[in-house]
Amino acid sequence: MNNHKIKIAKGVRIMAFAIVLMFLGPVLLSIGFRALNDGIYIWSILGGIVSLTAIVLAFIGIKTIMSGLFEDTDE
């Protein structure tokens, strides 16, 4: 049972970080779209990378939480 709690806690930490990135990504993208008029592309690229990272971390976090809840490790 203790191993399940550790796995669930790890998944929640990953999801918390993903949620922070889910808010940061669109902010960086909107800054980047405004900066495109000046020829500055770094903010758009950075916002896209942060948004994709948030999506990947959300899937990893959900998978970790689900394996902590439903994995049967009775040894």
Seminar exercise, completed: Neighbour-count ranking for 59, 17 (other C-beta within 10 angstrom, fewest to most) reads 59, 17
Exercise. What do you get when you divide the Cα radius of gyration of the chain by 2.2 N^0.38 Å, with N the number of residues?
Worked result: 1.51
Seminar exercise, completed: Rounded to the nearest 10, the angle in degrees between the Cα long axis of helix 2-35 and the longest principal axis of the Cα atoms of the chain comes to 10 degrees
Exercise. Add -39500 (n - 2.57) for each DSSP H run of 4 or more in the chain, then divide by its residues: what number comes out at 222 nm, to the nearest 500 deg cm²/dmol?
Worked result: -30500 deg cm²/dmol
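How much length is gained on full extension from residue 60 to residue 9, taking 0.36 nm per residue of separation minus their Cα-Cα distance?
Here the answer is 17.1 nm.
Where a number appears in this text, it was derived from the coordinates with a stated rule and is not lab data. This structure is a prediction, so every number in the text was calculated from the model and none was measured. Neighbour counts run over all protein chains shown; Cβ positions are idealised from the backbone, glycine included.
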